[in-house]
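Engineer: Structure provided below as structure tokens; questions to follow.
The values are calculated or read from the model by the stated rules, or taken from the named source; none is laboratory data. On a predicted model such as this, the values are computed, not experimentally measured, just so you know. We place every Cβ from the backbone using ideal geometry, glycine too, and count neighbours over all the protein chains shown.
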Amino acid sequence: MGKKARIAVLVSGGGTNLQALIDAQKKGKLKSGRIKLVVSNNREAFALKRAEKNRIKTAVVTRSEAGELFEEKIIEALENEKIDLIILAGFLAILSESFTSRYAGRIINVHPSLIPSFCGEGYYGLKVHEEALAKGVKVTGATVHFVNEIPDGGEIILQKAVKIKAGDTPEILQKRVMKQAEWKLLPEAAEKISKKIIKERAQ
Ligand code: GRF
């Protein structure tokens, strides 16, 4: 097997999913890929601190500073690090079709519902869980999928179901979905796709 896949994680906020990836790397569960770069579109993101603490290179590209060059600057950071796999982990900016097609089959995202429920434009953060509770579904979960030009519309890689309990609030449910599904599923998918990348490279 060849060298490890070079991973970039794109973040906007707290970075608990980034932390799950870092922990999986440390434990050897993520072994076919290595996190080489964390890119944030928010200078204040706590995720940046998590990266620094683990000596992972960081880049900050904000829409307000980069303007029309937002994606170009992200691409520049990715190319500098020769990134093979891009992981969106709570990255709240929508990427254009030119970006997603450039990295087709090379961008994955974690979404806190069982796609195709409660997904698409505007479904992020607590809103996803509020809608699941409002609908009265008894099971929700998380999905890791490839990213294409349709928000949450790319091919599904992994899914995991999570039970909804009586008395759940959006906050309680969000936490349970993260703990039981997202933090497990994302490192698992990262390993799966990294392995695929290095296998393809060897052929
Ligand atoms: C997660 O719920 C993720 O599914 C969603 O945004 C949240 C990010 O949380 N896309 P964190 O920054 O990883 O803690």
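Engineer: Within segment 131-149, identify whether any single residue is among the charged types (D, E, K, R), surrounded by 15 or more Cβ atoms within 10 Å (Cβ to Cβ) and either modelled with pLDDT under 95 or more than 27 Å from Gln25 (Cα to Cα) (or both), and answer yes or no.
Structural biologist: Scanning segment 131-149 turns up at least one residue that is among the charged types (D, E, K, R), surrounded by 15 or more Cβ atoms within 10 Å (Cβ to Cβ) and either modelled with pLDDT under 95 or more than 27 Å from Gln25 (Cα to Cα) (or both).
Engineer: Please find, within segment 131-153, the residue that is nearest to Gln180 (Cα to Cα) out of those that are away from the ligand (no atom under 13 Å from the Cβ) and of a type in the set (Asp, Glu).
Structural biologist: Going through the qualifying residues, I end up with Glu131.
Engineer: For segment 15-64, what are the residues that are within 22 Å of Ile75 (Cα to Cα) and hydroxyl-bearing (Ser, Thr, Tyr)?
Structural biologist: Ser40, Thr58, Thr62, Ser64
Engineer: Turning to a different aspect of this structure: For segment 56-72, which positions are in contact with a strand residue (DSSP E or B) (Cβ under 8 Å, 6 or more places away or on another chain) and surrounded by 17 or more Cβ atoms within 10 Å (Cβ to Cβ)?
Structural biologist: Hits for segment 56-72 are Ile56, Thr58, Ala59, Val60, Val61.
Engineer: Residues of segment 165-179 being surrounded by fewer than 18 Cβ atoms within 10 Å (Cβ to Cβ), on the phi < 0 side of the Ramachandran plot and either under 13 Å from the mean Cα position of the chain (by Cα) or more than 12 Å from the ligand (Cβ to nearest atom) (or both), which ones?
Structural biologist: Lys165, Ala166, Asp168, Thr169, Ile172
Engineer: Quick test for you: out of Lys53, Lys3, pick the one residue that is farther than 23 Å from Ile150 by Cβ, away from the ligand (no atom under 16 Å from the Cβ), among the basic types (Lys, Arg) and loosely packed, with under 13 Cβ neighbours inside 10 Å.
Structural biologist: Step by step, each of Lys53, Lys3 is checked, and only Lys3 is farther than 23 Å from Ile150 by Cβ, away from the ligand (no atom under 16 Å from the Cβ), among the basic types (Lys, Arg) and loosely packed, with under 13 Cβ neighbours inside 10 Å.
Here's the yes/no breakdown for (1) away from the ligand (no atom under 16 Å from the Cβ); (2) part of a loop (DSSP other than H, G, I, E, B); (3) touching a residue at least 40 places away in the same chain (Cβ under 8 Å); (4) closer than 19 Å to Leu186 by Cβ:
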site: Ile35; (1), (2), (3), (4): no, no, no, yes
site: Val38; (1), (2), (3), (4): no, no, no, yes
site: Arg43; (1), (2), (3), (4): no, yes, no, no
site: Ala77; (1), (2), (3), (4): yes, no, yes, no
site: Lys82; (1), (2), (3), (4): yes, yes, yes, no
